[in-house]
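Let me begin by presenting the structure, written as C-alpha cells, before commenting on it.
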Amino acid sequence: MRVSYRMLKRFLPELSLRPEEVAEVFLNQGFVVEEVLSARDLFCYPLLAGTLVEAHHEGLLTRCTVKLGEHTFQVLVHPSGVPETGSRVLVGFEDHTPLFLPVRGERAREVFDFLLPLPPFLEEGDDVYEALIGDDVVFEVEVTANRGDCLSVLGLARELAAHCDIPLVLPRMHCAEKPIHHGFRLENEAPHLCPLYTGRYVTAITVQPSPFWIAKELILMGMRPINNVVDITNLVMLEMGQPLHAFDAARIRGNLVRVREAEEGERLVTLDGEERILRKGMLLIADADRPIALAGVMGGRDTEVGPKTREIFLEAAFFDRVSVRRTARALGMRTEASARFERGVDPLGVMQAASRALALLEEMGGEVASGWLVSGQPPFTAWEISVPWELVVQRLSCEVPQKEGIRILERLGFQVAQEGATLRVRVPSWRPDVREPIDVVEEVGRVYGYGKILSSFPSFPFDPGNVPREESLENRIRAHLVHRGLYEVVTLSLVEGEGVNMLGLEGEECVTVLNPLSQEHAVLRPSLFFSLFEVVRTNARRGRRSRGFFEVGKVFFRKEGNFREEKHLGIILWNVPQPALWKEDPLDLLTLKGLLEEIEELAGAGYGAVCPGRVFPVFEEDGAFVVSSPEEGAEPLGWGGKVLPDFLRRHDVEGEVYYLEIRLEDLVVWGQDRPTRDFAPPAFPAVSRDISVVVDASTPWAFVASLVAEEAKRSCMALEEFVLFDVFSGDPLPPGKKGFAFRLVFRAPDRTLEDEEVGRWVQKLKESLKQTGRVVLREEMILSHE
Amino acid sequence: MIEEIEEYLRDFEGELAQVLTRDDLNRVKGKYAGRKSRIPLFLERLKTLPLEERRVVGRRLNEVKVLIEERLREKEAELSRKERKREFVDLSLPGRRHPLGAFHPLRLVMDEIVAIFRSLGFRVEEGPEVETEFYNFEALNIPADHPARDAQDSFYLGGGFLLRTHTSPAQIRVMKKLTPPFRVIVPGRCYRRDAFDATHSPVFHQVEGLVVAPGISMGDLKGTIEVFARRLFGEKRKVRFRPSYFPFTEPSAEVDISCGICQGVGCRSCGGQGWLEIMGAGLVHPQVFRNVGYDPEKIQGFAFGMGVERIAMLKFGIPDIRWFFENDVAFLSAFKGLG
C-alpha cells in the first residue's frame, strides 16, 4: 500500500510528525515501510504549466498545440481528453521529450488519452512541483494479512492518530440528491457470497480528464489516471479501502443488475481486454442478458465507462472474501479490488465509500439520483470483549497506564467502557481480526510500543532430558568424517525424476510432488546418492579436488500406501589425483569399508556382515556390497559400492567414486543397551605368536579367519584375539598365490601361560589349517629360489 | 720415568687434537686409557722404583691418568655436540598429517543455535517433513483460503499431505506429546514453492522454539530472544521487537538485530535500515491451545521461528543462498576449523 505524506495530512490536519518520523511510527506499529520515495521519483522532471493554444480535429483524434514560452509542441489527443482551448495543461519532460502523462518512466507515445488541465491561477511556464506537489513523500507500506483496513489512507491515518493522539478528519461525503427516475432494479441470487450489494444512479456525467489533484494523488499512490469517473472510484478505494465500480448505465441491459454465480463456461471480456472463461460458482454481476463484471475482481469491458458515457451505475458491495480470493486465483488476476476484498472490507464502510464517490461525482457536475438500491444487510454484528487490565500488563510485561491504554484503543476506533479494573471493549466494524482479549492486548502493546516490554526469563522446573543418543551419535559421526578429511554437505531433498530412474528404483515407491515448480525438483529423494554424486559432479566441473563428501539427511518413499521418511548418512569418496601431501592415503573400496567399521564402532553397534550385493545398478557388479543387519530378517543397515567407470565418464567425472549409504536410525537402535564389557585390566601377561600362510589368490581372508576361530574354540584355547597384519603376493610367491600374516594373542584370565602350552596350541592351529588342503604354511613352502 | 710419562701425555694431547670422529676417539682412548694402553705398564714399572721416587712419579702418573680420562670425556662431549648439530630438523617443513574436511555452514549454525538453547534448558525435538495439511495450517489457525497462505505456497503430495512449509506444525506435535511446562526447540527442513534464486530456495531450514507454562509473557519471549541473539551474534548487538502478524501467535512480533557493521545507524550492508530481520515470534494464540486441548485461560506460551539460511548468511556474510546447496569445495573449505 502506497500512501503520501500530504494525503495523510488531509486526514490528519494536526499531524506534526516529520515524514521520517511517520515511517518510524508505521514500523513500530507493525507496518514495514519498504520504501520511502520522493514525489520527484514518481513524476517526470521538470513538470511545467503549458497553454493549450489550438485544438484541431483530425479524423478521430484532435491535434493539440501546446505552448510553453517560446516553444510549441504538437500532440494527438483523444477528443474526450482535450480541455478548453486556452486552459493551462501539464507538460512534463523526460530526456527532453515532452510527456503529457507525467508518470516517471512513461514512454513517449504518438497519441495521448488526455491533457491534464491545471488550475487557472498558474502562469504559463510555472513549475508545477513548486505550485501543486511540493516535496511530498510517498511511503510504500507492507500491510499484514490481518489488516485489510490498512489498505487505505484512512486506516493508516488512524494508526498515526492513535500514536499522536490527534483527531481523524474524514473527507466530505455529502451530496445533493435529485429525484431522477432511472428504473434500475437489483436481484441478488447469491446472498451467501454477497451479503450486501448497493447501487446508485448518477446522470449528467461528462467524462473528461480528472482535475489535477486527483490525478496527482493517484500517481503518488501508484495508479494511472484514466478519466474522472474511473479515477474517482479508484481514489475512493485508496482513501477508504472499499473498492467501487462504475458501470456505463446505458450499456446495462434491461435496467437490471443481478448478482449471481456463474455457469460453467460462461464468458466475459474484462476491462483488460482478456476473455475470461468462468467456472461454475464464480460470483459475477450480470444484467438481464449476460455477465457484466467479475464480482470484486474486475469489471467487464462492454459496460466500461468511456468518453461517451452520460449516466453511470455505481456499485458498492461486500463480497465474500473466500469467493473473491478463489476466483482471482483461479483466473490468475490479482487486482487492487480483489486484494482488498480478500482481506475483508469494512461492512459498515460500504455505503460510506459510495457516498464519498457521489460527493466527488457531484463536484464534477454529475446529478445524483436520490435513493439507494440495496440488497441485503451489512454483515456485521457488534461484539464486545472484556479485558481485565491486569491481563494487558501481565502479557505485555510492562506497566501500561490504563488511561493510556483506553486512549490508544479509542483513537483506533474502539469504544471503551471502564468497569473497575476491567475494560469492556466494543470492536469497530473494520477490525474483524480483534476477537479475543489477547487481541486487545496486542492493540495496546503495538501502539504503546514493544520497545517498552521488560525482558525477563521464563524459569520453571523442567528437565529437558538428556541429549538424545541419536543426536549425539549423529554429531560424533559427523565430526569423525570431517576429521577423516571429508566435507559435510547440505543438498536439496527434491531431485529430478530421471535421477531416481537411473538408480533403478521403482517409480511408484517414490514420493512425487503433485505441483512441482520445475522437473529438477519434482521427486523427494529415495536415496542420498543423487545429491552427493551431483556435488562431486559440480566440483569436477569446476576443477576442484576433494577426498569426498557426506550428508546426513532424510530420504522418502511410500510403503504400503504410507509415507516413510528415514534419516540416512551418505558418504561419497572421490579418488582423483590429490595434492602430494595426501598421496599416501589410498582411497578404495576397503577405505569405504573402513569408514563403515569406524562408524559402527562409534555407534557401539558391532559389525554388520558385509556381503557382496548390488543395490544400485550404477555400482560395479563385483565392487558392491550390502551391510546386513545382525537381526534376523531385518532390513539391511546399508549398502555401497564402486560406481561404474562408464557412468562417471558419461557425467564427466574423472577418477574413481565409491559410495556408502547407512540407515542411521537403525544404527542408533543397534548400539543402545549394549552390555558393558569387563573393565578389569588383565592380570596376567599375554603371549603372541605370528603365523604366515599361503593360499590361492581367490581364497578370502574370511576362510582362514573362520578356521582359526573355530579351532580355537573347539580346542578351548585361551586365544584373546588374532589380527591380520599383512597380505602379500608376488616374488618370492609363485603367481596365483597370496599370503596372510597374522598375529595370535593368547592370554588366560587366571595364570601365566607356559611357552610349551602355547606352542601346542599354535601347532594345533597350523595342523587344522593344513588339513583343509587349501592352506600352506609359509615356512613349509618350497619357494622357487630356495 | 717421569720424562716418559710427560711425553706420553704430550703424545696423547697431540693425537687427541687430531680426533675428528668417534672412531678416532675410540682409537685414542684404546691407546692411552684402556687396558692395552701404556698406563698398566707404567704402574708395573712404578713398583720397581725406590720409595721416594715412587711417591713422586706415582702421584704424577695418577694426575696424568685422571687428566687423560677427563680430556677424553670432554672430547666425547664435543663430538656429541657436533653430531647433534648434524641431525638438524627443518621445522619450517609442513607437518606430516591427515587432511581435514569441514562442517557445512548451515549445520554449523544449526548446531550453534541448538547448543545455545540447550544451555538455556530447552529440549530438542524433531518433526516429520511430510506433514498433513491440518497440522501445517488448520491446527495453526491458518484456515484454507486465508491470505496468510499466500506467503507459504506449498508442495502437495496428495491425500491431504504436503511438505511442511515451516517447522511450526512441530508445535502442535510437541504440545500433544509433552505435558507443560516445557521449553522445546525443533530444528528442521522446510519446503516452499519458491523459485530458486539468490534469496529463495524451495528447500530451507528453520529452528522453531516453543515455551509453554502458566503466566508466560512477552517479557519472557523478549528476554529469551535477547540472550540467544547476543550469544549467537555477539554481545554488542541490539535486539528490536516490532509488531507483526502470524495467525498462530498473538501478540506477534518480528525480531531484528542491529547491523553488525553500523550498529543500527544504517549503512550500505544493511540497506540503510540499520536492522536485520532474524525471526518471527509471539505468544501462542489461544486458538492453537484450544486446537490441542489446552485451556488458554490456564496456560500460556511463546513461540518463535527463525530461518537458518538467513542467519547463516548474516553471520558469515554470504550473499547468495544457492551457495549453500552447491557445495563447492572452494566455498566449503572456508569453514574449516569451525564447529
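The values are calculated or read from the model by the stated rules, or taken from the named source; none is laboratory data. What you are looking at is a predicted structure, and each value in this text was computed from that prediction instead of being measured. As a convention, Cβ positions derive from the backbone with ideal geometry for all residues, glycine included, and neighbour counts pool all protein chains shown.
Residues checked against (1) modelled with pLDDT of 95 or more; (2) closer than 30 Å to B:Val284 by Cα:
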site	(1), (2)
B:Lys82	no, no
B:Glu87	no, no
B:Pro105	yes, no
B:Ile113	yes, yes
B:Pro143	no, yes
B:Asp150	no, yes
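Annotation note: of A:Arg544, A:Arg558, A:Arg564, the sole residue that is within 8 Å of another protein chain (Cβ to nearest Cβ) and of a type in the set (D, E, K, R) is A:Arg544. Screening A:Val82 with (1) surrounded by fewer than 22 Cβ atoms within 10 Å (Cβ to Cβ); (2) within 18 Å of A:Met364 (Cα to Cα) gives one miss only, at (1).
Does A:Gly570 meet the test of being assigned to a loop (DSSP other than H, G, I, E, B) and either outside the structural domain of A:Val523 (by TED's automatic domain parsing) or of a type outside the set (Asp, Glu) (or both)? Here the answer is no, as A:Gly570 does not meet what is asked. Within segment A:105-112, can one find any residue that is touching a residue at least 40 places away in the same chain (Cβ under 8 Å), in contact with a Phe, Trp or Tyr (Cβ under 9 Å, 6 or more places away or on another chain) and of a type outside the set (Lys, Arg)? No, every residue in segment A:105-112 fails to be touching a residue at least 40 places away in the same chain (Cβ under 8 Å), in contact with a Phe, Trp or Tyr (Cβ under 9 Å, 6 or more places away or on another chain) and of a type outside the set (Lys, Arg).
Look at A:Ile453 and say whether it is more than 10 Å from every other protein chain (Cβ to nearest Cβ), within 30 Å of B:Arg118 (Cβ to Cβ) and in contact (Cβ under 8 Å) with a residue 24 or more places away in the chain. No; evaluated as a whole, the condition is false for this residue.
Selection of segment B:119-152 for residues being closer than 20 Å to B:Val308 by Cα, facing chain A (nearest Cβ under 7 Å) and hydrophobic (A, V, I, L, M, F, W, C) yields B:Phe122, B:Val124, B:Val130. When B:Gly30, B:Gly58 are checked against the criterion of being surrounded by 13 or more Cβ atoms within 10 Å (Cβ to Cβ), part of a helix (DSSP H, G or I) and of a type outside the set (A, V, I, L, M, F, W, C), B:Gly58 stands alone in meeting it. Annotation: of all residues in segment B:203-220 being touching an Asp or Glu at 6+ places or on another chain (Cβ under 9 Å) and within 9 Å of chain A (Cβ to nearest Cβ), the one that is farthest from B:Thr249 (Cα to Cα) is B:His205. If the condition is being of a type outside the set (Val, Ile, Thr), over 26 Å from A:Leu283 (Cα atoms) and under 35 Å from the mean Cα position of the chain (by Cα), then segment A:153-203 contributes A:Leu154, A:Gly155, A:Leu156, A:Ala157, A:Arg158, A:Glu159, A:Leu160, A:Ala161, A:Ala162, A:His163.
Only one of the listed residues (B:Arg268, B:Arg231, B:Arg290) is without any contact (Cβ under 8 Å) to a residue 40 or more places away in the chain, surrounded by fewer than 18 Cβ atoms within 10 Å (Cβ to Cβ), more than 8 Å from every other protein chain (Cβ to nearest Cβ) and not in a loop (DSSP other than H, G, I, E, B). That residue is B:Arg290.
What do you reckon, is A:Arg334 in a loop (DSSP other than H, G, I, E, B) and of a type outside the set (Val, Ile, Thr)? So A:Arg334 fits the description; yes.
Checked against (1) closer than 24 Å to B:Pro319 by Cβ; (2) within 11 Å of chain A (Cβ to nearest Cβ); (3) buried (at least 23 other Cβ atoms within 10 Å of the Cβ), B:Ile278 meets all criteria but (2). Within segment B:302-332, if we keep just the residues that are among the charged types (D, E, K, R) and assigned to a loop (DSSP other than H, G, I, E, B), the residue that is farthest from the other protein chains (Cβ to nearest Cβ) turns out to be B:Asp320.
A single entry from B:Pro243, B:Pro296 fulfils the requirement of being at the interface with another protein chain (Cβ under 10 Å from one of its Cβ atoms), farther than 30 Å from A:Leu492 by Cβ and assigned to a loop (DSSP other than H, G, I, E, B): B:Pro296. Only one of the listed residues (B:Asp111, B:Asp145) is without any contact (Cβ under 8 Å) to a residue 12 or more places away in the chain and over 30 Å from B:Tyr32 (Cβ atoms). That residue is B:Asp145. Taken over segment A:692-746, the criterion of being exposed (fewer than 13 other Cβ atoms within 10 Å of the Cβ), aliphatic (A, V, I, L, M) and assigned to a strand (DSSP E or B) is satisfied by A:Val723, A:Leu724, A:Val727. Among the residues making up segment B:242-281, a single one is farther than 14 Å from A:Asn28 by Cα and in contact with a Pro (Cβ under 8 Å, 6 or more places away or on another chain): B:Glu250.
Considering only segment A:240-250, state which residues are in a helix (DSSP H, G or I) and surrounded by fewer than 23 Cβ atoms within 10 Å (Cβ to Cβ). Listed by number, the list holds a single entry, A:Ala250.
Could you grab me the full set of residues in segment B:206-216 that are surrounded by 22 or more Cβ atoms within 10 Å (Cβ to Cβ) and either under 20 Å from A:Leu27 (Cα atoms) or over 33 Å from the mean Cα position of the chain (by Cα) (or both)? Across segment B:206-216, the qualifying residue is only B:Ile216.
The set of residues in segment A:118-153 being part of a loop (DSSP other than H, G, I, E, B) and either without any contact (Cβ under 8 Å) to a residue 60 or more places away in the chain or among the hydroxyl-bearing types (Ser, Thr, Tyr) (or both) consists of A:Pro120, A:Phe121, A:Thr144, A:Ser152.
Does A:Glu390 satisfy being among the charged types (D, E, K, R), within 13 Å of chain B (Cβ to nearest Cβ) and outside any loop (DSSP other than H, G, I, E, B)? When the stated conditions are applied, A:Glu390 passes them.
Residues checked against (1) acidic (Asp, Glu); (2) at the interface with chain A (Cβ under 7 Å from one of its Cβ atoms); (3) crowded, with 22+ Cβ neighbours inside 10 Å; (4) within 30 Å of A:Leu391 (Cβ to Cβ):
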| site | (1), (2), (3), (4) |
| --- | --- |
| B:Ser154 | no, no, no, no |
| B:Gly158 | no, yes, no, no |
| B:Pro187 | no, no, yes, no |
| B:Ala198 | no, no, no, no |
| B:Glu226 | yes, yes, no, yes |
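In segment A:276-295, the residues that are without any contact (Cβ under 8 Å) to a residue 60 or more places away in the chain form Cβ pairs under 8 Å with partners that are of a type in the set (Ser, Thr, Tyr), at six or more places apart or across chains, as follows: A:Arg276/A:Thr270; A:Met282/A:Ser323; A:Met282/A:Thr327; A:Asp287/A:Thr303; A:Ile292/A:Thr303; A:Ala293/A:Thr303; A:Leu294/A:Thr270; A:Leu294/A:Thr327. A:Leu514 - would you say it is within 7 Å of chain B (Cβ to nearest Cβ) and not small (Gly, Ala, Ser)? The answer is yes for A:Leu514. Residues in segment A:285-322 that are of a type in the set (Gly, Ala, Ser), in a loop (DSSP other than H, G, I, E, B) and more than 36 Å from the chain's Cα centre (by Cα): 2 in all.
Here is the figure for segment A:279-319: residues that are more than 24 Å from A:Ala339 (Cα to Cα), touching a Leu at 6+ places or on another chain (Cβ under 9 Å) and among the small types (Gly, Ala, Ser) total 1.
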